[in-house]
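Readers should treat all values here as calculations from the given coordinates under stated rules, not as data from a laboratory. These figures come from a predicted structure and were not determined experimentally. When we count neighbours, we look across all protein chains shown, and the Cβ atoms used for this are built from the backbone with ideal geometry, even at glycine.
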Amino acid sequence: MHMQIQPILAALKHHKLATVLIAMEIALACAVLCNACLLITNRLSAMHINSGVDESSLGFIALQGFDPAAARDLDARVAAGLAGIPGVESVHLINSVPFGMQAGAFGITLDQAGKQFRGVPEIYLGDPGTPQALGLKLVAGRMPEAGDYQPIAQGYLPASSNVLVTRALAGHLWPGENPLGKQFWTGENQFRVIGVVAHLAVPQYDEEGERGAEWTVFVPALPPASLLAGTFLIRAHPQDLDRVMVAAKAAIARIAPDAVLDHEWSDTLPALRTKFFRTDRAMAGLLVGVIVALLGVTAFGIVGLASFWVAQRRKQIGIRRALGATRADILRYFQTENFLIVTFGIVAGVVMAIGINLVLMKFFEVPRLPLWYLPVGVVALWLLGQLAVLAPALRAAAVPPVVATRSV
Amino acid sequence: MGVNDMFGYYLDLALRSFKRHRVLTALMVMALGLGIGASITTLAVLKLLSGDPLPQKSARIFAPEIDPLTAASTTKEDKLFERWGNLMTWTDAMNLLHARKAERQAVMALASSKITTATPGQHPFFSDSVVTTSDFFSMFDASFQYGSGWSAQDDENRAHVVVIAGFLNDKLFGGANSVGRILRVNDHDYRIAGVLKPWAPQPRFYSVNLGGRGYGKGDALFMPLQAAVADKVNTQTVNCFDSGIDADHLETAPCVWVSTWVELANASDAGAYKTFLSNYVAQQIALGRFHHPGVALPDLMGFLAQQRVVPDDARMQTNLAFGFLLICVVNTVGLLLAKCLRRSREIGVRRALGATRGAIFTQFMVESGMVGIAGGVLGLVFAELGLWAIRHQPAEYASLAHLDVSMFIATFVIALIASLVAGLLPAWRACAVAPAPQLKSV
């Protein structure tokens with residue numbers, strides 16, 4: 001570019017106020033933009049949490065309001081009835097599913113005396129074959145076998161069980177060690193790790209909570225049990241799933257007229273996932289709206305100021321044109337000028353963006369702003385500035401040289 | 001000219017200038033309107049979420065908090081109160097209830113109760129219910145349409161009586177006086193003692209740590225705690241902290257699952273009640289039941305703050321909206337400046353004809369103020385649109401998002417302040433214009 005920056009800087013000195021204002025708008029836009037984008041990606045990445053199960057093949061049915069004493073008979077009747085629906089591959093008793101209702105969180109310790117407290121993971125209970133039906137992926141050890149499924153004599157859990165844990169929980173409990181064969185306790189209930197699965201998300205993931213999204217244990221159990229009654233996992237081919245769930249809900253009224261279907265939680269897993277992330281999606285949508293409005297307002301502000309600017313300098317432009325400057329020269333002049341001003345703004349904006357991020361990190365659960373956001377934001381604002389100044393700059397380039405002689 | 005005439009003249013000048021600079025004016029009003037719309041929408045939601053559910057007596061309602069954890073637990077006390085709040089074991093809640101050291105006291109838990117109707121063909125359904133003790137209604141200002149609550153004697157006798165909400169009475173009995181009729185709840189018969197007038201404190205403070213919804217139309221059914229527990233009601237939240245849990249005998253289990261609230265005659269009695277609480281805990285430590293001496297007694301609003309009832313999302317959105325408003329204001333400064341500098345000649349003429357700098361300054365501030373009011377009107381439209389969008393969101397408070405009178409006034413106050421602040425710099429620049437050079441170049 002043969003254009004010199006020196007004369008532009010000299011000209012800007014005469015328009016300090018307008019220059020500072022545009023730069024300030026860009027700085028504020030840059031700061032808010034970077035942080036709003038961070039919040040959006042934060043939401044979106046939370047929404048992509050890996051549940052570790054074959055969601056598209058799974059549905060969940062929850063019943064309420066039956067006599068606990070009759071649970072065993074009811075479960076058998078419902079399981080048989082559901083299994084008879086065409087397209088159903090399997091029916092299992094399970095206490096909850098990812099994105100389903102909160103069902104069994106227990107504080108655990110690494111010693112029997114209960115001294116080494118290590119958090120409150122979620123415990124999934126399921127009858128024989130449940131891990132296979134869920135589609136859990138084993139990364140070490142083995143799946144529970146028939147002998148691992150224990151009856152629950154008292155309380156909520158078997159007195160002693162061979163369990164599966166997630167890789168995430170194993171890493172939290174025994175960092176850097178082989179978790180297979182390790183033991184932990186909740187009260188007097190003892191667990192021994194026989195297998196590690198790649199992923200299994202908790203039912204209700206709470207970002208603000210103290211517990212990890214995948215602090216989960218699968219406990220093999222035999223019904224009846226207070227946590228394992230009236231809640232069913234249905235597995236079907238993904239193409240059949242929606243139809244099967246409609247049929248299943250209809251069948252419940254026939255099979256178990258004395259129980260009440262819990263409509264909130266009885267659904268396919270894809271539907272439960274969608275429901276679970278509704279507010280996050282709404283928040284992300286709102287942030288996108290704010291960003292669009294923000295960029296629009298900033299662009300219009302630049303258009304407004306630059307138009308005025310061009311109008312104010314018509315005479316000056318006319319003189320330059322009369323002295324031999326081409327239209328392209330004038331266009332490039334205004335574009336370079338805008339580029340310089342936007343750059344001033346961006347420098348201030350980057351500092352503000354980091355500052356705002358630090359404040360957000362202090363008061364809210366917001367991660368550190370990744371540094372690669374900054375160049376992306378910078379390029380976006382440069383482009384925005386160039387687009388916004390284009391119309392006024394073209395109008396400036398259209399000023400005929402004769403203007404120079406007219407009003408002097 | 002008198003002050004009023006001058007003001008009228010400035011208004012006229014402003015209108016003329018708006019006509020001449022339609023695009024610039026439209027841009028300014030649009031920017032301000034967007035910023036104000038976003039701010040008011042988020043402020044209205046924040047106000048809704050952080051409101052006082054019982055304004056007439058919230059300063060006298062307290063949540064006693066004690067720490068039942070075993071000696072082995074390493075949990076820090078303050079963190080525990082944040083998590084469990086006024087949740088207690090059955091034993092402690094009953095001890096505090098029967099001590100009667102406050103003007104009123106109530107113990108409660110939430111449950112989902114199965115209601116079976118006699119109407120043929122109607123399926124049984126589940127309703128949000130509160131299992132509680134007799135003072136609940138008078139303590140929380142729930143008034144009756146028909147009948148009344150039950151007595152402390154009914155509590156101890158495990159009387160099978162219930163109070164139902166007006167909306168449940170409408171659903172079951174078509175709104176007729178149903179006092180004395182029998183309702184089948186969880187497969188047991190209860191006699192209806194009273195029907196409430198619409199009562200739904202927002203946020204629903206008594207349910208936040210019991211596993212209930214924070215907002216919404218309220219609970220349908222209120223049952224005596226002792227009777228419901230004897231009938232094996234399934235309560236929403238059970239937090240256990242020691243081994244040997246028998247799910248069937250929660251009354252003696254090392255689990256917290258009921259909450260306690262007290263009403264004191266004066267807010268200043270809190271000190272005395274806290275001393276009573278500390279003495280109670282000291283006594284329990286002496287008995288070997290308790291291990292931690294800490295107690296807390298936040299009032300209702302303090303309790304809501306401790307339980308972090310207002311979601312971080314709402315606060316973050318409000319911050320973001322005001323950041324956005326700031327950008328809109330800076331933008332308006334720029335546009336106003338562009339407009340006023342374009343009118344240097346007009347200002348020069350007016351100055352030459354004898355207008356003082358003050359007059360020019362006032363004129364431009366009047367113009368800014370008008371932009372502000374127009375921005376406020378547009379902001380109101382955007383805020384209504386925003387709240388309409390919020391009412392269609394899945395959050396449980398969504399249906400309550402409306403503009404009230406105070407937010408309506410706030411809209412114009414914010415709009416005027418924003419536009420006047422934005423107008424200061426351009427007005428100052430305008431009145432600094434020297435008349436002579438402008439006249440020369442006409």
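A Stokes-Einstein calculation at 37 °C with viscosity 0.692 mPa s, built on the Kirkwood radius of chain A over Cα pairs, returns a diffusion coefficient of 126 µm²/s. Prolate is the label for the stretch A:252-408, because a/c, from the alpha-carbon gyration tensor with a ≥ b ≥ c as root eigenvalues, is 1.5 or above and a/b exceeds b/c.
Annotation: for a label point projected 7 angstrom from Cα along Cα→Cβ of B:Ala118, residues of the stretch B:193-232 with backbone N closer than 16 Å are B:193. Label positions at A:Ala46 and A:Met352, each projected 7 Å from the Cα along the C-beta direction, are separated by 2.6 nm.
Cross-link partners for A:Lys115 among the lysines, with Cα-Cα distance under 29 Å and sequence neighbours closer than 8 places in the same chain left out: A:Lys182, B:Lys76, B:Lys79. Using all C-alpha to C-alpha distances in the stretch A:161-281, build P(r) with 10 Å bins and read off the rounded percent in each one. Distribution as computed: 10, 30, 33, 22, 4, 0 percent. Treating r as the C-beta distance of B:Ser278 and B:Val405 and R0 as 45 Å, the FRET efficiency rounds to 0.50.
Sparse packing (at most 13 other Cβ atoms within 10 Å of the Cβ) combined with a DSSP loop state is found for the following GluC sites (Glu not before Pro) in the stretch A:70-179: A:Glu145, A:Glu177. What does the average come to when, for each residue of peptide A:26-36, you count the partner chain Cβ atoms lying within 10 Å of its Cβ? Taking all residues of A:26-36 together, the mean is 3. Ranking B:Gln363, B:Ser39, B:Val208 by how far each Cα lies toward the positive end of the dipole of chain B (charges on Cβ) leaves B:Gln363 at the top. Peptide B:308-317 has a mean shielding of 4, counted as Cβ atoms of other protein chains within 10 Å of each residue's Cβ.
A crude spin-label estimate for the pair B:Asp141 and B:Asp187, with each label 7 Å from Cα along the Cβ direction, gives 4.1 nm. Only the Cβ atoms of Lys and Arg (+1) and of Asp and Glu (-1) were treated as charged; on that basis the dipole of the protein assembly as shown about its Cα centre amounts to roughly 5700 debye. Full extension of the segment from A:Val402 to A:Ala153, taken as 0.36 nm per residue of separation minus the current Cα-Cα distance, would add 79.6 nm.
Given +1 at the Cβ of Lys and Arg, -1 at the Cβ of Asp and Glu and no other charges, the dipole of the stretch A:187-280 around its Cα centre is 440 debye to the nearest 20.
For an R0 of 60 angstrom, estimate the FRET efficiency from the Cβ-Cβ distance between B:Glu396 and A:Ala322 and round to the nearest 0.05. Given R0 = 60 Å and the Cβ-Cβ separation, E is 0.30.
Kirkwood's formula applied to the C-alpha pairs of the protein assembly as shown gives a hydrodynamic radius of 31.6 angstrom.
Counting only the Cα atoms, the stretch A:3-83 fills a convex hull of 204 Å³ per residue. Extension gain, A:Asp240 to A:Ala83, is 55.2 nm, computed as 0.36 nm per intervening residue step minus the present C-alpha separation. Shape analysis of the stretch A:168-217 places it in the prolate category; the axes a ≥ b ≥ c from the Cα gyration tensor give an a/c of at least 1.5, with a/b above b/c.
Loop-located trypsin sites (Lys or Arg not before Pro) in the stretch A:232-300 (DSSP state other than H, G, I, E, B) with a sparse environment of at most 13 neighbouring Cβ atoms within 10 Å are absent. Hull volume per residue, based on the alpha-carbon atoms of the stretch A:1-153 and their convex hull, is 332 Å³. In plain terms, the bigger the Kirkwood radius, the slower the diffusion; for chain B, with that radius from Cα pairs, at 20 °C and 1.002 mPa s, Stokes-Einstein puts D at 82 µm²/s.
Restricting the chymotrypsin sites (Phe, Trp or Tyr not before Pro) of the stretch A:372-404 to loop positions (DSSP other than H, G, I, E, B) with no more than 14 neighbouring Cβ atoms within 10 Å leaves A:Trp372. Modelled spin labels at A:His263 and A:Leu110, positioned 7 Å past Cα toward Cβ, are 4.8 nm from each other. Computed from the C-beta positions of B:Asn95 and B:Arg315 and an R0 of 45 Å, the FRET efficiency is 0.75 to the nearest 0.05. When the helices of the protein assembly as shown are scored as -39500 (n - 2.57) per DSSP H run of n ≥ 4 and the total is divided over every residue, the value at 222 nm lands at -16000 deg cm²/dmol.
Annotation: the antiparallel percentage among DSSP beta bridges lying fully within the protein assembly as shown is about 75.
Per residue of peptide B:334-344, the mean number of Cβ atoms on other chains within 10 Å of the residue Cβ is 5. Pairs to check: B:Lys171/B:Lys232; A:Lys137/A:Lys362; A:Lys275/B:Lys217; A:Lys249/B:Lys232; A:Lys275/B:Lys114. Give those whose C-alpha atoms are more than 29 Å from each other in this structure. Too far apart for the 29 Å limit: A:Lys137/A:Lys362. Taking Cβ separations below 4.7 Å as the criterion for a possible disulfide partner, the isolated cysteines in chain B are B:Cys328, B:Cys340, B:Cys431.
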